[in-house]
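Readers should treat all values here as calculations from the given coordinates under stated rules, not as data from a laboratory. Please read all numbers here as calculations on a predicted model, not as lab measurements. Backbone-built Cβ (ideal geometry, glycine too); neighbour counts: all protein chains shown.
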Amino acid sequence: MAKVNKQVKILRYDPARDAKPYWKLYEIELDEESTILDVLNEIHWKHDGTLAYRRSCRSAICGSCAMKVNGQNLLACETPMHKFKGCLKIEPLPGFDIIKDLVVDMDKFFDKMKRIKPYLMVDRPIPAKEFVQTPEEFDEIRESAMCILCGACTSSCPSLWANENYLGPAALLKAYRFVFDSRDDGADERIDIINDKNGLWRCHTIFNCMEACPKHIKVTEYISKLKTKAVENSI
Ligand code: FES
């Protein structure tokens, strides 16, 4: 495989040592088919072992390698380096507190996820074997259930940048996934939770979340369906 030279700027920040984030330039040589994660590994393993970043599956499944590259939120492990011409500029996900370098604090993100009760709530008798769901019923939630909780959508949302208490697109998408699940009986309770001043109506259909989602989930569309459901419940 042909080798190429690449300039890479990474926003570095160690809150224990640095007064503020700063850009650090690296010059590396690696295979032209490398991913952004390969770039980070090359830097970490051969140039600067102090660089901090998250990764696990390397298969766009675990969601841990979400970051901002040349202005776009994406998964480092699935994005080829050659997608971007010239210098790479790599930053942590915006809108989250930085723990170190590209590692952000996801605690608030997952706390919001817990608020919408992300599990089946069942009032009906539990069947002896399993709940049956038709293919049509599953189709209602299929795409929303593909979320890998990477945070790329929530991090790209201007409403969240303006108000960190906003639930954000990922938590609302998770709410959709259960509200519209034919096996669930907690829809009204969840709609009450998300129909507050930091919930549903903070979404101004800006569509950044849909552009950022590495799984191409139509997040804004599902939030709109939740809005319709909230209005129906209130009449
Ligand atoms: Fe798991 Fe990228 S390393 S999604």
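In which sequence would Ile36, Ile126, Ile235 go, from the one with the fewest C-beta neighbours within 10 Å to the one with the most?
With the sparsest Cβ surroundings first, the list reads Ile235, Ile126, Ile36.
What's the magnitude of the charge dipole for the chain around its Cα centre, counting Lys and Arg as +1 and Asp and Glu as -1 at the beta-carbon? Answer in Debye, nearest 20.
Roughly 540 debye for the chain.
Just the number, please: percent antiparallel of the DSSP beta bridges in the chain, rounded to the nearest 5.
85
Express the relative contact order of the range 96-176 as a whole percentage, based on alpha carbon pairs under 8 Å and six or more residues apart in sequence.
Relative contact order for the range 96-176 comes out at 36 percent.
In terms of the Cα gyration tensor, with a ≥ b ≥ c the square roots of its eigenvalues, is the range 1-63 rounded because a/c is under 1.5, prolate because a/b exceeds b/c, or oblate?
Oblate is the answer for the range 1-63, as a/c is 1.5 or above yet b/c matches or exceeds a/b.
Within the range 20-97, report the GluC sites (Glu not before Pro) that DSSP leaves as loop and that have at most 16 other Cβ atoms within 10 Å.
Glu32, Glu33, Glu78
Whole-Hz ³J(HN,Hα) for each residue in the range 158-165, computed from phi via Karplus 6.51 cos²θ - 1.76 cosθ + 1.60 with θ = phi - 60°, x for glycine and proline: what do you get?
Along the range 158-165, the couplings run x, 5, 6, 4, 7, 8, 5, 7 Hz.
Computed on alpha carbon atoms, what radius of gyration and Dmax characterise the range 156-233, expressed in Å?
Just the Cα atoms of the range 156-233 yield Rg and Dmax of 11.9, 36 Å.
Mind checking which aspartates and glutamates have their Cα closer than 20 Å to the Cα of Lys117? Skip sequence neighbours fewer than 8 apart in that chain.
Asp107, Glu140, Glu143, Glu164, Asp181, Asp184, Asp185, Asp188, Glu189, Asp192, Asp196
Please tell me the relative contact order of the range 78-235 in percent, rounded to the nearest whole number, where contacts are Cα pairs under 8 Å and at least six residues apart.
24
How about the range 93-125: which chymotrypsin sites (Phe, Trp or Tyr not before Pro) there are in a DSSP loop, with at most 15 other Cβ atoms within 10 Å of their Cβ?
Tyr119
Tell me, what is the percent relative contact order of the range 1-90, built from C-alpha pairs under 8 Å that lie six or more residues apart?
Relative contact order for the range 1-90 comes out at 33 percent.
So what's the gap between the Cα centers of the range 131-187 and the range 24-95, to the nearest angstrom?
Each part's Cα centre sits 27 Å from the other's.
Please compute the modelled spin-label separation between Met146 and Cys57, points set 7 Å along Cα→Cβ, answer in nm with one decimal.
1.3
Do any of Lys24/Lys108; Lys112/Lys229; Lys46/Lys112; Lys83/Lys112 go past 30 Å between their Cα atoms, and which?
Lys46/Lys112; Lys83/Lys112
Would you please name the trypsin sites (Lys or Arg not before Pro) within the range 72-134 that are DSSP coil residues with at most 15 other C-beta atoms within 10 Å of their C-beta?
Qualifying residues, ordered by number: Lys85, Lys129.
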